[in-house]
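Note sheet for the following structure.
The values are calculated or read from the model by the stated rules, or taken from the named source; none is laboratory data. The structure presented is a predicted model; accordingly, all values stated were derived computationally and were not measured. Cβ placement follows ideal geometry from the backbone for every residue including glycine, while neighbour counts extend to all protein chains displayed. Just so you know, the surface numbers come from the protein's heavy atoms only, side chains and all, with ligands and any DNA or RNA stripped out. Shrake-Rupley method; radii C 1.70, N 1.55, O 1.52, S 1.80 Å.
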Amino acid sequence: RQAIMSGSVMRCLLLATIAASASGYSAVSPRSAFRGSRVVAPARAAPVTQCTVFMATKTGVKAFVVGVAADSGCGKSTFMRRLTNIFGGSGALLDIGRETNTLVSDKTTVICLDDYHKYDRTGRATQKITALHKDCQDWALMAEHVAAIKNGDVIMKPIYNHITGALDAPEEIVPTDIVILEGLHPMLDDKVRAMLDLSIYLDISDDVKFAWKIQRDMQERGHSLESIKKSIEGRKPDFDAYVAPQRAMADIVIEVLPTQLVDDKEGKFLRVRFIQKAGLDLIKSPFLFDEGSTIEWTPCGKKLTCAYPGIKFKYGQEMYMGAEVTVLEMDGRFDKLDELIYVESALTNSGAKFYGELTQQILKNKDAVGSDNGTGFMQTLCSFKIREAFEKATGKTVEAVSA
């Protein structure tokens, strides 16, 4: 990752350092690799210089760029950790000595698109605008940075501090083989969307999202039911206008719905659908048993332990948001994760490198949220599809990671 810097680049770095010093910004703040145990450091608005926005230094690595869209609290962080494991190396927050949202591993970099907020928390309150609104994002800078990363250039990316609500001083991002843009709007801007090599949308239904939020905010944070409803209703207009429409743009949608197996108001059981557009060049569509058929399968029995209410799988073709798609569905949850290999044996075009790899990855992340239901199953399948697309697009080979 070492690059030979020109004199102009060195001058840029020097100017940025001087500006940061003059602003009173402190770049030293101990923090762990886990968000929950970070130490809060005082932060001020990022010092602006001609060079803190973009710095072009060639690295030779032209990134394969994936967009992952979802609302907050929809499982993006868990998905990113599953994905990082597929590509090897342990993911950790970028070590810059202060608050950051960037997750890195040997081959992957996950960029949080909240970092491209145009306004800090105070500014949004003053402007009376939510973080979901399209006018709250710096689209020009986002597009410039994505183009640079795909060209193998180092960038100086802004940071949105989720603890303080401030816009912190920029951080250096060096392109890796795969760069994930995760956040509210990776597909909303035409220029950014055109540069994505693969696009994914995590779609959590309103009923499930409400059940999850009640469980978290009432039981764990002591919020009232009314305050939770008000929070959800306040976000909904901008979510419906600027986030939800990206479902129609995505190559893959992972849709999380209430179960159809039992009456469940708490979201303990989930029905999860893996929706993939037909005819994609980089990835094949996964299917159960017989490609092109319509399948309903209840595998519970001697080979798969199923407590009440059991498990049901479906597979078929349908129209989704005006596009022809294939759909793989799982409703219910697993009792014994190692028995998942029975289900994996019925699945073709999963993108697995060897028989049992999907089961192995689920077991590797058995303590992660959703590992016993369709969210973990479909997120792992989606990670395999990203690897499949990367290999076909670049000609590079990613070795399977052992447990």
So which residues in the range 356-367 are outside any helix (DSSP H, G or I), touching a residue at least 12 places away in the same chain (Cβ under 8 Å) and more than 18 Å from the chain's Cα centre (by Cα)? Gly356, Lys366
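Rundown of residues vs (1) over 27 Å from Gln379 (Cβ atoms); (2) surrounded by fewer than 22 Cβ atoms within 10 Å (Cβ to Cβ), yes/no style:
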residue	(1), (2)
Val110	no, no
His162	no, yes
Asp168	yes, no
Asp189	no, yes
Ala194	no, yes
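Select from the range 368-403 the residues that are more than 19 Å from the chain's Cα centre (by Cα) and part of a loop (DSSP other than H, G, I, E, B) and list them in ascending order.
Answer for the range 368-403, where residues must be more than 19 Å from the chain's Cα centre (by Cα) and part of a loop (DSSP other than H, G, I, E, B): Asp372, Gly395, Lys396, Thr397, Val398, Glu399, Ala400, Val401, Ser402, Ala403.
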Quick one: in the range 196-237, of everything that is modelled with pLDDT of 95 or more and assigned to a loop (DSSP other than H, G, I, E, B), which residue is most open to solvent (accessible area, probe 1.4 Å)? Asp197
State whether the residues of the range 311-327 include one that is open to solvent by 60 Å² or more (accessible area, probe 1.4 Å), in a loop (DSSP other than H, G, I, E, B) and among the basic types (Lys, Arg). no
Given the conditions (1) without any contact (Cβ under 8 Å) to a residue 40 or more places away in the chain; (2) over 24 Å from the mean Cα position of the chain (by Cα); (3) part of a helix (DSSP H, G or I); (4) buried (at least 18 other Cβ atoms within 10 Å of the Cβ), which single one is not true for Val343? (1)
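Report whether or not Met330 is in a helix (DSSP H, G or I), surrounded by 15 or more Cβ atoms within 10 Å (Cβ to Cβ) and among the aliphatic types (A, V, I, L, M). Lay out the reasoning, then the answer.
On the way: in a helix (DSSP H, G or I): no; surrounded by 15 or more Cβ atoms within 10 Å (Cβ to Cβ): yes; among the aliphatic types (A, V, I, L, M): yes.
No: the conditions fail for Met330.
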Which of the residues spanning the range 69-110 are at pLDDT 90 or above, part of a loop (DSSP other than H, G, I, E, B), out of contact with any Ser or Thr (no Cβ under 7 Å at 6 or more places or on another chain) and not β-branched (Val, Ile, Thr)? Asp95, Asn101
